[in-house]
Ligand code: KG4
Ligand code: ZN
């Protein structure tokens, strides 16, 4: 079964083909250089760029793989959460293709797809605990199957990646700044006492990063590291302290969730922040302590990509799920309805 995946939820236009669970090829146009001029994603520009690139990327993918559009059995598209105007571009393209080709259509939850992308590189086993940490989301799930995700906790304010990006911006680093903080942190020595690990004593499994971000900006001012003034060891040590505070916070919540779900033997990490080395190390150690298997995608599969949508769509289609042409796109902050149909 050949499945085309279409991703356009934020600032990457990405398409990929998955055949019987294996990635055939993928194409991606990143808008990061455009949005970096504004220090963040500009929604109106993002949808225009998606519209500009999507058709040409589709042609390029078919040409590279050497297939005809009619060979595609399933069209999977990210239906949300994301920027509404951006999602609509991918959705309209997917519906047009499905209608003209007579292919099965499936709207994929972008967040679930990030986590399921681990299946492109490793066998997936259930139940699993899944941590999704990206620029727009931080969610903790109990995953029962490819189609059943139970949300245990989520951020109540900033996402982990957003905190990285905002602190990086205040330090005068380029956007998106998570990877720059990560690489500077590797050269520095973190001071555990410099920054708090906020919200962890609350009696739930949610996250909050805005307090940490505010504390980081305050310490930055006190240390004279603001707005690109910092360089060398001062900057590296500060990045190491911040990196450690975020990684500790994420790890601690996973540990707490796990203590309530003793039957789980699999921990999956995903999303842009999953590229963070310290976070991967901390979660791997946590899994080892529990004699569990830890999965995190390789760096190119951590960021938004078409392969994860194609793979998630393939898994769902294999289990008989599909949508009709009335499937809707869901913006960030709204619940994605459980409206898949089964054949
Ligand atoms: O999943 P993604 O590509 O897009 C969203 O759906 O948001 O995630 C992008 C986020 C950005 O906030 C970026 O700064 C962060 O992932 N990120 C990192 C690293 N690489 C990317 N954060 C921490 N450490 C990294 N190595
Ligand atoms: Zn994403």
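Odds and ends about this structure:
- Checking each residue in the stretch 251-276 for being touching a helix residue (DSSP H, G or I) at 6+ places or on another chain (Cβ under 6 Å), more than 11 Å from residue 129 (Cα to Cα) and away from ligand 2 (no atom under 16 Å from the Cβ) picks out only 251.
- Residue count for the stretch 260-293, restricted to those that are part of a strand (DSSP E or B) and more than 15 Å from residue 140 (Cα to Cα): 1
- Cross-chain or 6+ apart pairs with Cβ under 6 Å, the stretch 29-53 first and within 20 Å of residue 332 (Cβ to Cβ), then part of a strand (DSSP E or B): 30/12; 50/13
Residue by residue, here is whether (1) modelled with pLDDT of 95 or more; (2) more than 16 Å from ligand 1 (Cβ to nearest atom) holds:
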{"residue": "37", "(1), (2)": "no, yes"}
{"residue": "51", "(1), (2)": "yes, yes"}
{"residue": "68", "(1), (2)": "yes, yes"}
{"residue": "74", "(1), (2)": "yes, yes"}
{"residue": "88", "(1), (2)": "yes, yes"}
{"residue": "93", "(1), (2)": "yes, yes"}
{"residue": "100", "(1), (2)": "yes, yes"}
{"residue": "110", "(1), (2)": "yes, no"}
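The values are calculated or read from the model by the stated rules, or taken from the named source; none is laboratory data. Predicted model, so just to flag it, every value in this text is computed and none were measured. Cβ: placed from backbone, ideal geometry, glycine included. Neighbour counts: every protein chain shown.
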